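First the structure, in the form of structure tokens, and then the observations on it.
The values are calculated or read from the model by the stated rules, or taken from the named source; none is laboratory data. In this text the structure is predicted, and so the values were computed from the model without any measurement. With ideal geometry, Cβ positions are generated from the backbone for all residues, glycine too; neighbour counts draw on all protein chains shown. Each accessible area value is taken on the protein alone, full model and side chains, heavy atoms only, with ligands, DNA and RNA left out. Shrake-Rupley method; radii C 1.70, N 1.55, O 1.52, S 1.80 Å.
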Amino acid sequence: MKLLEDMIKKYGEVRPGNVLKVDGFLNHRIDVGLVKALGEELYKHFRSDKITKILTIESSGIAIAIMTAQCFGVPMVFAKKRKTINLSDDIYTAPVHSYTNNKDYDVMVSKDYIDKSDVLLIVDDFLANGCALRGLIDIAHQAGATVAGAGIAIEKGFQGGGDTLRAEGLKVVSLAVIDKMTDDSLEFRKSE
């Protein structure tokens, strides 16, 4: 998606350790027009999949997931990273390793919010090694829900998570795929 690639080129910052900082427009300060366009683009790719809910993980995926859910006219559910006192023990949980934080944690979703009747689209801001997606897929499977696919804003193609998940049969649509990243340059995958 050229709009997203242009925003990354203009405002993104490459940090050591293959970290791409996009918090000026995507996941801290949100460019609402951009995020709306991302949701509309994901809708185009999955509109025939009879999506009943959008599933994401807190917190950076929430804005994109909300806009995508609005396009589909369905609810959005996010997996929590911390158990709060108002979350019952009747939950689905899955372990996730955060590439950005280099931390392992359990994510959780109340059993009240997804079930076997659901067709889920998983949405997130980044896909690197695929751990967050695998955790959300695990939660979907625990619920007996169907996963139609994953819609990702930015995929770090050089880390292989997206290609591995595609090879396993998951429909993964990434709106910008970075194939090479150095301290001073980005190389995007050509659109197919």
- Quick one: what pairs do we get from the stretch 62-87, first residue within 9 Å of GLY39 (Cβ to Cβ) and β-branched (Val, Ile, Thr), second modelled with pLDDT of 95 or more and assigned to a helix (DSSP H, G or I), C-beta under 6 Å, 6+ apart or different chains? ILE64/VAL35; ILE64/LEU38; THR68/GLY39; THR68/LEU42
- Query: How many residues are in contact (Cβ under 8 Å) with a residue 40 or more places away in the chain and farther than 26 Å from ILE137 by Cβ when one looks only at the stretch 168-184?
  - Reply: 3
- Query: Limited to the stretch 118-146, what total is found for residues that are within 19 Å of LEU175 (Cα to Cα) and touching a helix residue (DSSP H, G or I) at 6+ places or on another chain (Cβ under 7 Å)?
  - Reply: 11
- Which one is surrounded by the most Cβ atoms within 10 Å (Cβ to Cβ) among residues in the stretch 88-142 that are among the β-branched types (Val, Ile, Thr) and in contact (Cβ under 8 Å) with a residue 60 or more places away in the chain? VAL123
- Message: If I ask for residues that are touching a Ser or Thr at 6+ places or on another chain (Cβ under 6 Å) and either closer than 14 Å to LEU3 by Cβ or free of Cβ contacts under 8 Å to residues at least 12 places away in the same chain (or both), which ones from the stretch 21-61 would you list?
- Response: GLY39, LEU42
- Message: Being in contact with a Ser or Thr (Cβ under 9 Å, 6 or more places away or on another chain) and in contact (Cβ under 8 Å) with a residue 24 or more places away in the chain is the requirement here; does GLY149 meet it?
- Response: no
- Message: Yes or no: the stretch 57-70 includes at least one residue that is surrounded by 16 or more Cβ atoms within 10 Å (Cβ to Cβ) and more than 26 Å from VAL22 (Cβ to Cβ).
- Response: no
- Candidates ARG29, ARG47, filtered to the one that is within 27 Å of GLN159 (Cα to Cα) and open to solvent by 50 Å² or more (accessible area, probe 1.4 Å): ARG29
- Filter the stretch 143-171 for residues that are among the aliphatic types (A, V, I, L, M) and either surrounded by fewer than 18 Cβ atoms within 10 Å (Cβ to Cβ) or assigned to a helix (DSSP H, G or I) (or both) and give the result. ALA143, LEU165, ALA167
